[in-house]
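Colleague: Below: one structure in structure tokens.
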Amino acid sequence: MRAPSCRVCACTELNACDEGCSWVKVEIESPPLCSACSGKPGDMAESLKRSLSLQRKYGADNVGQEVSAILRAALKRLRVRMACDARSIDPSWGGR
């Protein structure tokens with residue numbers, strides 16, 4: 001059995017991201033996601049891609065709840081990432 005890998009960057013338990021990461025809780029039956037990628041553009045793009053794929057495969061009328069769950073979770077991760085980024089001090093600004 002293969003070790004789980006992040007759906008965005010493909011890091012694993014034994015080969016984590018350079019800045020360090022951990023697994024993020026994701027929607028049911030969704031591929032794993034690491035904390036370093038959570039809420040970043042790659043995560044958002046992957047979530048939209050999965051949503052569109054479900055709609056194409058089963059029809060928009062048949063996957064409303066599943067697509068909504070994917071998109072709600074992605075938006076929550078994006079909001080958390082944006083809040084964390086807003087609290088971070090950018091050293092290039094001289095700590096202002």
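The values are calculated or read from the model by the stated rules, or taken from the named source; none is laboratory data. The shown structure was predicted, so the numbers you read here are calculated from the model rather than taken from an experiment. Positions of Cβ are backbone-derived with ideal geometry, glycine not excepted, and every protein chain shown enters the neighbour counts.
Colleague: Being modelled with pLDDT of 90 or more, among the acidic types (Asp, Glu) and within 22 Å of residue 22 (Cβ to Cβ) narrows it down to one of 43, 85, so name that one. Show your work before the answer.
Modeller: Working: 85 fails: modelled with pLDDT of 90 or more.
After applying the criteria, what remains is 43.
Colleague: When the range 29-59 is examined, which residues are found to be of a type in the set (A, V, I, L, M) and in contact with a Lys or Arg (Cβ under 9 Å, 6 or more places away or on another chain)?
Modeller: 33, 44
Colleague: Does at least one position in the range 61-73 carry a residue that is within 9 Å of the chain's Cα centre (by Cα), surrounded by 13 or more Cβ atoms within 10 Å (Cβ to Cβ) and part of a helix (DSSP H, G or I)?
Modeller: yes
Colleague: Return the residues of the range 16-50 that are surrounded by 12 or more Cβ atoms within 10 Å (Cβ to Cβ), farther than 14 Å from residue 74 by Cβ and not aromatic (Phe, Trp, Tyr); say none if nothing qualifies.
Modeller: Once the filter is applied, which keeps residues that are surrounded by 12 or more Cβ atoms within 10 Å (Cβ to Cβ), farther than 14 Å from residue 74 by Cβ and not aromatic (Phe, Trp, Tyr), the range 16-50 yields 16, 17, 21, 32, 34, 35, 36.
Colleague: Output the number of residues of the range 7-46 satisfying the condition of being out of contact with any helix residue (DSSP H, G or I) (no Cβ under 9 Å at 6 or more places or on another chain) and β-branched (Val, Ile, Thr).
Modeller: 1
Colleague: Within the range 37-52, track down each residue that is of a type in the set (Lys, Arg) and in a helix (DSSP H, G or I).
Modeller: Those that are of a type in the set (Lys, Arg) and in a helix (DSSP H, G or I): 49, 50.
Colleague: Still on this model: Which of the residues spanning the range 6-24 are within 20 Å of residue 41 (Cβ to Cβ) and charged (D, E, K, R)?
Modeller: Once the filter is applied, which keeps residues that are within 20 Å of residue 41 (Cβ to Cβ) and charged (D, E, K, R), the range 6-24 yields 7, 18, 19.
Colleague: Name the single residue that is surrounded by the most Cβ atoms within 10 Å (Cβ to Cβ) among those in the range 5-15 being assigned to a loop (DSSP other than H, G, I, E, B) and either on the phi > 0 side of the Ramachandran plot or more than 12 Å from the chain's Cα centre (by Cα) (or both). Outline the logic, then answer.
Modeller: Restricting attention to the range 5-15, the residues satisfying the condition of being assigned to a loop (DSSP other than H, G, I, E, B) are 6-11, 13-15.
From what's left, either on the phi > 0 side of the Ramachandran plot or more than 12 Å from the chain's Cα centre (by Cα) (or both): 10-11, 13-15.
Values: 10: 11, 11: 19, 13: 11, 14: 6, 15: 9.
Among residues in the range 5-15 that are assigned to a loop (DSSP other than H, G, I, E, B) and either on the phi > 0 side of the Ramachandran plot or more than 12 Å from the chain's Cα centre (by Cα) (or both), the one surrounded by the most Cβ atoms within 10 Å (Cβ to Cβ) is 11.
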